[in-house]
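Can you read through this structure? Questions will come right after.
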Amino acid sequence: MNTKNTKKRGLWAIITPVNNYIRWAMVISALSGILSVVGFVLLAYVIGLIMGGSIHLFGFELGFKEALILLALITILSFLTKFYSFVISHLGAFKLEQILRTDITTHLAQIPLGHIITLGTGAIKKVLLDDVKNLHAFVADTTPMMAKAIVAPLASMVALFVIDYRLGLVAIAILLVGAVLMKFVMKDSVMHRQNYEQSQSEINKAVIEFVQAMPVVRTFDDGTTSFKRYNDALAKYRTNLKTWFGSTSTSARIAMTILSPMPTLLAVTITGLFFLMNGTLEFAPFIAALLVSTGMADALMPLMWMSNFVKKSSAAAIRIQEIMDIPVLHNSKAHKKIKATDIVFENVDFKYNEKDNYALKNINFEVKANTVTALVGPSGAGKSTVAKLIPRFWDVTKGSIKIGGVNIKDVDSQVLMDTVSFVFQDTFLFNDTLANNIKMANPTATDEDMIEACKAAQIHDFILSLPNGYETIAGDRGTNLSGGQKQRITIARAILRNAPIVVLDEATAFADPENEEEIIKALANLMKNKTVIVIAHRLSTIKDVDQIIVFDQGEVKEKGKHQELLAIQGGIYAKLWSNYEKAQNWDIHHIGGAL
Amino acid sequence: MKKNQFASLLTIYKLSVELAGEYGSGFKKSLVYFTLAFVAQGLAFGMFYPLLLAMFADNPVISDIILYLGLMVFFSILSFWAKWRGHDFDYDGKIVDVTHELRTKLGTALREMPLEKLSTYKTGELNSTFSSNVDESVLHLGMVASMFLQIVIVPITIIVVTFFVDWRLALIMLAMLPLALPLYSWKRRESHEDKSEYNQANGVLESDFVEYIQGLPVLKAVNKVGVNAQKLQDSIAYVKEVQKQGLYKGQVPFVLMGVLIEITLLAIVFIGAFFVLDNTLSFITLAAAVIVISRLAEPLSIFLGVVSVFDLMDSAFKRIKSILAIEPLKIHKPLKTIKTYDIAFDNVSFAYQNQPTHALQNVNFIMANKTMTAIVGHSGCGKTTITKMIMRYADPQNGTIKIGGVNIQNMTPESLMKNISVVFQDVYLFDDTIINNIRMANPNATDKEVEDAANSAYCHEFITRLPNGYNTKIGDIGGSLSGGERQRISIARAILKNAPIVILDEPTAALDTESEVAVQRAIDKLVENKTVVVIAHRLSTIAGADTILVVDNGQIVESGTHDELVTKNGRYYGMWSAQQRIKDWNVKSDIG
């Protein structure tokens, strides 16, 4: 896998909208790195100047006082550069969050709704909220640190060589030993990290199973099965992580020792002592060398911290890019209008993914305007998929779908949405008043229209019974409405929208068995004078529809009216119907003790 | 201020020792080593004072130089050695044992936790506590401890050493360095404050995101998406504003700390210069002081990075602790076993946690041994709560539940559950072979017995058609099992368990018609000769029950056989006739 490459590209690519901020923050941060090295060198000379004398710098002669003022200026500059690189990189990070969130939400509105349903609200929310937030560590903290981590050691090295090249060589020698050892520490770390990550994901799996299955575990398991799997996952994790730690333990400690400031200081002190003795080194350069020599080793520690941040951020960047990579629904520029509401499927093939099998094969049927068509078949036969293709939750892989003779791809998505209403895909109520929730379907609707719709949806009386009536706030943070009440409110919304085509999934319609009668009445009102496609489960409800289309394994197997289909010997519908009747008439056959 | 500092250090220490659990002594030992290491490091730095003085003396004495250099080397090696030993705790993997111990404890807590408590957690939430929170709080333990000690002990040692050299320089250091601590607490307080405002803004943003995603179909239809989704855009912008404000407030101390060492150096040189000119201080000593102080810059800046790690550890551990603190349900003595399987509710009242209203109120009934009792009523009326109480999902606030005359609180959870099989609406199958999924109900069952159970549950046939038969892994075939097939496997499991009490909670509600018939037959086998409690929405299913309990608002409002209740012309009759009416409804009929 070449994930590594993708990762790198991912993180740097995703920050391009705020490149300006990042570049400035990095430049200023690098400057602050140079300033502190310069400050240290100057400091050494300032001490030398206390007893008098002067140094020459760019043609200026500096005494103690002047040098001290210069030092103060450098300290102030060092503070300012640190502060501004911090501020700029953070502002960039905040701005990036805003840009990404706006971009992603805009993009979400343009991709097929099917993707949103498949991904799930939770996963998308996590990307929008957490993953965008996780970029922060990289953009705000890591980029300036990175610049400094590269520039500061270089500046230290240059300074050291300028002060005394021999001491420079000593410091570099120590650093090289450290670097070689570091390499040794990292030797098998890729493999170990993979093992570790794998055993960590096994723990995740075991925990999820353990939690989700807890009610079953309590009834059926004496602890041997599921708890054992959890414990096994823990044991494996322990072994893997310990092996990893064990394999690097010694070299990590040696590296830690070498890279700490002490070895460099000792080496510079001892060699410096020799050069002092033979008179080839003076006081101020020696002190300066002691001050800057550890600058190189010091920079390595933050680098190790950084790698953690980068890893977390790049995983987030990839998830964001995965969503942004989902292709948007393609709309032709035709902007055609829909004038009639008959629906035609022509040689439609469909698969959810390149790799998947066909979910639908060669589907052909016609639905006449203002008729009711029922889609039936065993679960997984393709009936819900067909329904989802009509409002373009997904696009067909091959063939075409036409409404009123117009290919739905040639229609603006708003027009299509106005034409097709997919009831119960949108039972969601916004955190707003009931009135606004219903009226949003049709901005031109009057209060009277809305009340009419609510009456038709059998929810008017209930709404009036609420203390605030139509001004009651619904949604997460509002009044608790039961499933059935929410459903009827969304039916009212659909009635007010008055789209000429209604697609309806009966299973979700009756998901909440409460107040079935009212829901049925509401639906009957919604379907009046509409072209209706219903995914049917209770076969008794579709006995009299104009057309029944029977699906099996992604293909249309039978078409016709109830009686016609029953007449087919050994037909699928006939079998479904007989099963249905049996299931309806079941009462639990209990052989028990006498009362 | 001082007190606060101390308190926060102490909290960190206590937290760490608590985390280390039974490995606490190993952890404390590593703390001792670290302390020694940093004292030695401070002393090694301190050797610069005599060493530089000896080196730059007018008449350098070689033996002095070698002595001080030797001491510096000695203290350095001592520091390396102690640090090396200090890392025994984390680098040798003891720290992994700590995570292991914590996770085992968490797993046990989960098994014993009342199911009511468990249901208040989201799976994802528990998962992140078990996996990432444990790692977050434990794996950094050694590193954080060593950095914390370094930032405290090295400066103290240096200041003490400096006192012996020149007390005035030590005073300047003393004045400057402790500034780091107030700044540190300033930063923490600021970051806490702006975090709470930030968290609030994020909370609003989160629910706006959910609303946007779930409402997309509607929003698209009215073109309120992307930049037109005004409310969402406002929330996004608001989060940015809050962050910006927090930036200016919180970062000043942070950056100040970053240049604290530079400012200290400047002050020391400035003031020190006067002493040097006074001839009360050698400029060599001043140079040594500068070198020594400059060594504090790097640990301080790393420490600043660690502060947020500490916050992370703290909150991770709080979450772990809150789970460990949940007490399992109490088992009353004396322990009793049961011989008959009638179920009696005596005046049971129960309210869910944090709910103002009762889910059950003064519920009284007896389900006789080997009879079938149906519970009916509107959704949310308390039907499922009754079955949960039988399984001791939680304890009622009032009243008792008895099985075979024994209060279920006098049984261990294992002996209670041994007597009960449940068929849920949602089937859970483990990612394991089919045979293991069935056998888990009775680990001692032979292959033959498992097959017999599968046969009775009408799943033998489709199982044998699978590529590896009973040894097929559920995960390998995943979605290819239909809902009905999965449900029948779970019924086979229940049949194998052969518990005298069977609870059915809408077992066929989620199935399509085709699978429903097979599942129904399997259920008929399962309930033979059992005490059966069934919840069903379709009343015809339970018309044959020995007793029907009609529940409304947590109370039993009617009970009797189907015929009795129909004659009574009450609540049950109303439900029954409504179901009869809609039975004949079809989409073409006009009832609006």
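Length gain on complete extension for the stretch B:THR357 to B:TYR573, per 0.36 nm per residue less the alpha carbon to alpha carbon distance?
Contour length minus the Cα-Cα distance gives 75.0 nm.
For the residue pair A:ASN370 and A:ALA567, what label-to-label distance in nm results when each label sits 7 Å from Cα along the Cα-to-beta-carbon direction?
That separation, rounded to one decimal, is 2.7 nm.
As an exercise, use a Förster radius of 56 Å and the Cβ-Cβ distance of B:GLN200 and A:HIS56 to find the FRET efficiency, rounded to the nearest 0.05.
Efficiency for this residue pair is about 0.40.
Suppose R0 equals 35 Å; then what is the FRET efficiency for B:THR340 and A:LYS228 from their Cβ-Cβ distance, rounded to the nearest 0.05?
0.55
So what's the angle, to the nearest 10 degrees on a 0 to 90 scale, between helix B:167-176 and the longest Cα principal axis of chain B?
Orientation of helix B:167-176: about 30 degrees from the principal axis.
Starting from the Kirkwood radius over alpha-carbon pairs of the range B:12-166, derive D by Stokes-Einstein at 10 °C in a medium of 1.306 mPa s and give it in µm² s⁻¹.
It comes out at roughly 86 µm²/s.
For A:LYS455, give me every one of the aspartates and glutamates with a C-alpha distance below 18 angstrom, ignoring sequence neighbours fewer than eight places off in its own chain.
A:ASP447, A:GLU471, A:GLU516, A:GLU517, A:GLU518, B:ASP590
Another question about this same structure. Kindly state, to the nearest 0.05, the FRET efficiency for A:THR118 paired with B:VAL32, given R0 = 60 Å and r defined as their beta-carbon distance.
Rounded to the nearest 0.05, the efficiency is 0.60.
Moving on to the next point. I'd like to compare B:318-325, A:495-502: which one has the highest average count of other Cβ atoms within 10 Å, and what's the full order after that?
The peptides rank, most packed first, as A:495-502, B:318-325.
Which of the aspartates and glutamates could a cross-linker bridge to A:LYS148, judged by Cα under 19 Å and excluding same-chain residues fewer than eight apart?
Within the straight-line limit of under 19 Å, A:LYS148 reaches these aspartates and glutamates: A:ASP298, B:GLU262, B:GLU298.
Let me cross-check A:ASP447: its accessible surface, 1.4 Å probe, with only protein heavy atoms counted, in Å² to the nearest 10?
Surface open to solvent at A:ASP447 totals about 70 Å².
Need one number: the % of Cα-Cα pairs in the protein assembly as shown sitting beyond the 49 Å mark.
Above the 49 Å cut-off, the protein assembly as shown has 44 percent of its Cα pairs.
On C-alpha positions alone, give me the angle between the axis of helix A:572-584 and the longest principal axis of chain A, in degrees, nearest 10.
The answer is roughly 90 degrees.
Once you sort the root eigenvalues of the Cα gyration tensor of the range B:425-498 as a ≥ b ≥ c, which label holds: rounded (a/c under 1.5), prolate (a/b larger than b/c) or oblate (the other case)?
Cα axes put the range B:425-498 in the rounded bin.
Now for a separate question. Using θ = phi - 60° and the Karplus relation 6.51 cos²θ - 1.76 cosθ + 1.60, list the HN-Hα couplings for the range A:280-293 in order, rounded to whole Hz, with x at every Gly or Pro.
Ordered by residue, 3J(HN,Hα) equals 9, 9, 10, 4, 4, x, 5, 4, 4, 4, 4, 6, 9, 4 Hz.
In the protein assembly as shown, what percentage of the DSSP-assigned beta bridges are antiparallel, given to the nearest 5?
55
Which order do A:PHE227, B:PHE317 take when ranked by solvent-accessible area (1.4 Å probe, heavy atoms of all protein chains), largest first?
My answer, sorted largest first, is A:PHE227, B:PHE317.
Take the residue pairs A:LYS339/A:LYS368; B:LYS29/B:LYS83; B:LYS330/B:LYS402; B:LYS497/B:LYS525; A:LYS126/B:LYS321; B:LYS330/B:LYS530 and return only those whose Cα atoms are more than 18 Å apart.
A:LYS126/B:LYS321; B:LYS330/B:LYS530
Oh, and also: Calculate one ³J(HN,Hα) per residue across the range A:372-383 by plugging θ = phi - 60° into the Karplus curve 6.51 cos²θ - 1.76 cosθ + 1.60, and present them in order as whole Hz with x for glycine and proline.
Karplus values, whole Hz, x for Gly and Pro: 10, 10, 10, 9, 10, x, x, 5, x, 7, x, 5.
Would you list, by chain and number, the lysines whose Cα falls below 28 Å from the Cα of A:LYS65, excluding same-chain residues fewer than 8 positions away?
Within the straight-line limit of under 28 Å, A:LYS65 reaches these lysines: A:LYS82.
Which whole-Hz couplings ³J(HN,Hα) result when phi for each residue of the range A:206-215 is put into the Karplus expression 6.51 cos²θ - 1.76 cosθ + 1.60, θ = phi - 60°, listed in order with x for Gly and Pro?
Going residue by residue, I get 4, 5, 4, 4, 4, 6, 5, 8, 3, x Hz, with x marking Gly and Pro.
Let me ask something else about it. For chain A, find the longest principal axis of its Cα atoms and tell me its angle to the long axis of helix A:300-324, 0 to 90°, nearest 10.
Helix A:300-324 and the main axis of chain A meet at about 20 degrees.
How large is the charge dipole for the protein assembly as shown, taken about the Cα centre, if only the Cβ atoms of Lys, Arg (+1) and Asp, Glu (-1) carry charge, to the nearest 20 debye?
Around 980 debye, computed over the protein assembly as shown.
Give the shape of the range B:313-419 as rounded, prolate or oblate, defined through the alpha-carbon gyration tensor: a ≥ b ≥ c are the square roots of its eigenvalues, a/c under 1.5 means rounded, and otherwise the shape is prolate if a/b is larger than b/c and oblate if not.
Note, shape of the range B:313-419 comes out oblate.
How would you classify the range A:140-258 from its alpha-carbon gyration tensor, with a ≥ b ≥ c the square roots of the eigenvalues: rounded for a/c under 1.5, else prolate if a/b is greater than b/c, otherwise oblate?
Prolate.
Arrange the peptides B:489-500, B:385-396 so that the one whose residues have, on average, the most other Cβ atoms within 10 Å appears first.
Listed from highest to lowest mean packing, they are B:489-500, B:385-396.
Along the Cα→Cβ direction, 7 angstrom out, place labels at B:SER349 and A:ASN278. What is the inter-label distance in nm?
Each label point lies 7 Å from its Cα, and together they span 9.8 nm.
Within 10 Å of each Cβ in B:422-428, how many Cβ atoms from other chains are there, averaged over the peptide?
For this peptide, the per-residue mean of nearby foreign Cβ atoms is 3.
Another question, if that's okay. May I ask what percent, to the nearest 5, of DSSP beta bridges between residues of chain A are antiparallel?
Around 55 percent of the beta bridges assigned by DSSP in chain A are antiparallel ones.
What pairs from A:LYS388/A:LYS543; A:LYS351/A:LYS575; A:LYS228/B:LYS122; A:LYS409/A:LYS575 go past 31 Å between their alpha carbons?
Over 31 Å apart, Cα to Cα: A:LYS409/A:LYS575.
Could you work out, residue by residue across A:559-571, how many beta carbons of other chains sit within 10 Å of that residue's beta carbon, and then give the average as an integer?
Counting other chains' Cβ atoms within 10 Å and averaging over A:559-571 gives 0.
If you don't mind, there's one more thing I want to ask. Let me know the mean shielding of B:94-104 by other chains, meaning the per-residue number of their Cβ atoms within 10 Å of its Cβ.
Mean shielding by partner chains, rounded to a whole number: 4.
Here's another thing I want to ask about it. Give me the one-decimal nm value for the distance between modelled label points at A:TRP24 and B:ILE477, 7 Å along each residue's Cα-to-Cβ direction.
Using points 7 Å along Cα→Cβ, the separation is 6.3 nm.
Moving on to the next point. Ignoring ligands, DNA and RNA, what percent of the 1.4 Å accessible area of chain B is carbon and sulfur?
Carbon plus sulfur share of accessible area: 55 percent.
Would you please give the residues with an amide H less than 5 Å from that of B:ALA374, counting only those at least 5 places away or on a separate chain, with H modeled from the backbone geometry?
B:VAL534, B:THR547, B:ILE548, B:LEU549
The values are calculated or read from the model by the stated rules, or taken from the named source; none is laboratory data. This one's a predicted model, so the numbers in the text were calculated from it and none came from an experiment. Positions of Cβ are generated from backbone atoms using ideal geometry, with glycine treated the same way; all protein chains shown enter the neighbour counts. For the accessible areas, the whole protein counts, side chains as well, though only heavy atoms, and no ligand, DNA or RNA atoms are used. Shrake-Rupley method; radii C 1.70, N 1.55, O 1.52, S 1.80 Å.
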